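Asker: Dropping the structure in here first, questions after.
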Amino acid sequence: MAFIRGLGAYVPSRIVTNEELAVRVGKAASWIKDVSGIEERRWAAPDVAVAHLGLHAAKDCLLRSNADASEIGMVIMSSGSNERRFPGAAAEVAKGLGLTDVPAIDLPVASAGTLFGLALARDLVERYRNILVIGAEKMSSVIDREPMDANTGILFGDGAGACLVSADLGRLKIVDSLMRSDGSYTEALHLGLTGTLVMNGMTVIMQASRKVPSVISDLLKRNNRRPESIDWFVMHQANQNLIARIAKAVGVDTEKFYSNIARYGNTSPFMSTWTIPLTKIETGLPCFEPPYGKIAVIDLNTNKLLWSRNIGTIEEMGPFGIGTGLPINVGTPIYGGTMTTRGGLIFQVGTMDSTMRALDLRTGKTKWSVKTPGTANSTPITYVSNKDGRQYVVILVPNPGFVYPRAGAARPSDDQGGYVIGYALPEATAN
Amino acid sequence: MNEKIIKIIQDVSQKSDVPAEDESLFDSGLLDSFALTDMVAALEQTFDIKVPDSDLNPRKFDTVEKIAAYVESRK
């Protein structure tokens, strides 16, 4: 068995807009969007290497998977833009994670590389138990920039994605995979040892628009599934127009094909944002093992952890937005802040169970809790009223809440506005 | 046949231009890579032919003349 235990991503901070590139390729910014669906992409700084991008994504993945690097039995990394012929970036990333005795394998495959890595990991995971699959590209260093080539310059972005494949942990099972290669068109898209990326867009699009739907259909057929029974398709983010044509050829709405190309361009390691569609398919929870949300208190005098605990129950979370009703304190994602009082209470909101809590600063025990009309995506404030001398704690419950609607609402937004709620502390307890 | 081909080109390009038989459809801007893909699918349907992946070469579909010759060869 093989499972996706967790995912991670990294993109450089610099955003390159269509407006910036339009001037350099002598076209209108709207043309770039029309021919590609791309609105902006990220470019890494000149001194950033492919391995750096990959390492960031790898660390993010481990954190989100609640996994330690020492659990990894193999690293597989795909990149078409690695700076060196050998060694590849896989060994460098493994070293960056403190792993100097596990096999680290490179796949010099652009575009489909991460999917190939994932499929290989599925086949190898029984032996290596936990395999970290990484895709990273620094395409900005391999395109023609001076002068900028209009066909490739607008298309590509830099970034990295990572996925931890486990033999026994994770909520998403990898059921089947199908890989194919056809070397007939190697001249249509290639990067030589010197020079920049060469692309014959027409040939690439013609081949991809035939071959991708055909491999999807074959995989579904052998699993006795019809395309319309699939919730989400996630493919390499090549070009929005290609994604739309492939959806049509497969016979499903384009909306069923996940797309992040507008924001990140063609990054090759498309896994960078898998977290988004995967959480949608499932329960609204991230696709790795809980806890997702914890609260911890550290004594800054001694630098010691005083306590930490999971916070938030799954009562209101479950498949298809139907709450489980179970008061299991798994620790939900938290979208809100805390406020600590001099008297030693922590007021805490933002868990996905529509609850506000007051915790004992010293022990972590819940001293008081109250149900709120929705997730309070805010940070509580407190004040003592000049008028009556009493102390109040105030929170905001926006509508819609960041993830979950107010309890009982049919839709995330019910157009009813949110709440400002104040709680008065008992008299003569102001602190 | 040429009229049918031109009609297909106009449909997929969403332009009403009538290309000369030997005019490059790519150089004239009538077809881009996506319209080309759509055109091949439409040719298969209209003329009841099958274009194998190995024939998906833009050069075979560059002019109305070439398209007509190709379709004829597949019938």
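The values are calculated or read from the model by the stated rules, or taken from the named source; none is laboratory data. Note that the structure is predicted; figures quoted are calculated from it, not measured. Cβ coordinates were reconstructed from backbone atoms using ideal geometry, including for glycine residues, and neighbour counts include every protein chain displayed.
Asker: So which residues in the range A:240-263 are at pLDDT 90 or above and outside any helix (DSSP H, G or I)?
Answerer: A:GLY251, A:VAL252, A:ASP253
Asker: Going through the range A:300-314 one residue at a time, which ones are free of Cβ contacts under 8 Å to residues at least 24 places away in the same chain and either under 17 Å from A:LEU345 (Cβ atoms) or polar (S, T, N, Q) (or both)?
Answerer: Across the range A:300-314, the qualifying residues are A:ASN301, A:THR302, A:ASN303, A:ASN310.
Table: residues versus (1) within 14 Å of another protein chain (Cβ to nearest Cβ); (2) without any contact (Cβ under 8 Å) to a residue 24 or more places away in the chain; (3) of a type in the set (Gly, Ala, Ser).
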{"site": "A:ILE230", "(1), (2), (3)": "no, no, no"}
{"site": "A:PHE233", "(1), (2), (3)": "no, no, no"}
{"site": "A:ALA238", "(1), (2), (3)": "yes, no, yes"}
{"site": "A:LEU242", "(1), (2), (3)": "yes, no, no"}
{"site": "A:ARG245", "(1), (2), (3)": "yes, no, no"}
{"site": "A:VAL250", "(1), (2), (3)": "yes, no, no"}
{"site": "A:PHE257", "(1), (2), (3)": "no, no, no"}
{"site": "A:ILE261", "(1), (2), (3)": "no, no, no"}
{"site": "A:THR267", "(1), (2), (3)": "no, no, no"}
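Asker: Further question: Where in the range A:94-206 are there strands (runs of 3 or more DSSP E), lying fully within it, with 2 or more residues that are of a type in the set (Gly, Ala, Ser)? Outline the logic, then answer.
Answerer: Values: elements: A:104-107, A:130-138, A:158-166.
The qualifying strands (runs of 3 or more DSSP E) are A:130-138, A:158-166.
Asker: Right, another one. Can you find a residue that is within 23 Å of the chain's Cα centre (by Cα), modelled with pLDDT of 80 or more and assigned to a loop (DSSP other than H, G, I, E, B) anywhere in the range A:356-373? Before the answer, list the steps.
Answerer: Narrowing the range A:356-373 to residues within 23 Å of the chain's Cα centre (by Cα): none.
No, every residue in the range A:356-373 fails to be within 23 Å of the chain's Cα centre (by Cα), modelled with pLDDT of 80 or more and assigned to a loop (DSSP other than H, G, I, E, B).
Asker: Could you give me the residue pairs with C-beta distances under 9 Å whose first residue belongs to the range A:72-94 and is within 12 Å of A:LEU107 (Cα to Cα), whose second residue is of a type in the set (Lys, Arg) wherever it lies, and which are 6+ apart or on separate chains?
Answerer: Correct list of pairs: A:SER79/A:LYS138; A:SER81/A:LYS138; A:ASN82/A:LYS138.
Asker: Additional query: B:LYS60 fails exactly one of the following numbered conditions: (1) surrounded by fewer than 18 Cβ atoms within 10 Å (Cβ to Cβ); (2) within 14 Å of chain A (Cβ to nearest Cβ); (3) more than 10 Å from the chain's Cα centre (by Cα); (4) not hydrophobic (A, V, I, L, M, F, W, C). What is the number of that condition?
Answerer: B:LYS60 satisfies every listed condition except (3).
Asker: Kindly establish whether B:VAL12 is among the β-branched types (Val, Ile, Thr) and within 14 Å of chain A (Cβ to nearest Cβ).
Answerer: yes
Asker: Looking at the range A:37-61, which of its residues are assigned to a helix (DSSP H, G or I) and surrounded by 22 or more Cβ atoms within 10 Å (Cβ to Cβ)?
Answerer: Residues satisfying the conditions are A:VAL50, A:ALA51, A:LEU53, A:GLY54, A:LEU55, A:HIS56, A:ALA57, A:ALA58, A:CYS61.
Asker: Name the residues in the range B:19-34 that are more than 10 Å from every other protein chain (Cβ to nearest Cβ) and either surrounded by 13 or more Cβ atoms within 10 Å (Cβ to Cβ) or touching a Pro at 6+ places or on another chain (Cβ under 8 Å) (or both), would you? Lay out the reasoning, then the answer.
Answerer: Here is the first cut: in the range B:19-34, the residues more than 10 Å from every other protein chain (Cβ to nearest Cβ) are B:19-25, B:27-30.
Those that are more than 10 Å from every other protein chain (Cβ to nearest Cβ) and either surrounded by 13 or more Cβ atoms within 10 Å (Cβ to Cβ) or touching a Pro at 6+ places or on another chain (Cβ under 8 Å) (or both): B:PRO19, B:GLU21, B:GLU23, B:SER24, B:LEU25, B:SER28, B:LEU30.
Asker: State which residue is farthest from A:ASN151 (Cα to Cα) when the search covers only the range B:45-54 and only residues that are within 11 Å of chain A (Cβ to nearest Cβ) and loosely packed, with under 15 Cβ neighbours inside 10 Å.
Answerer: For the range B:45-54, the residue satisfying everything is B:PRO52.
Asker: Further question: If I ask for residues that are more than 14 Å from chain B (Cβ to nearest Cβ) and in contact with a Leu (Cβ under 9 Å, 6 or more places away or on another chain), which ones from the range A:166-208 would you list?
Answerer: A:GLY170, A:ARG171, A:LEU172, A:ILE174, A:ASP176, A:SER177, A:LEU178, A:MET179, A:HIS190, A:LEU191, A:LEU197, A:VAL198, listed by residue number.
Asker: Further, regarding this structure: What helices (runs of 4 or more DSSP H) lie completely within chain B and have 2 or more residues being more than 24 Å from A:TYR185 (Cα to Cα) and in contact (Cβ under 8 Å) with a residue 60 or more places away in the chain?
Answerer: Numbers: elements: B:2-13, B:33-47, B:64-74.
Once the helices (runs of 4 or more DSSP H) in chain B are filtered for at least 2 residues that are more than 24 Å from A:TYR185 (Cα to Cα) and in contact (Cβ under 8 Å) with a residue 60 or more places away in the chain, what remains is B:2-13, B:64-74.
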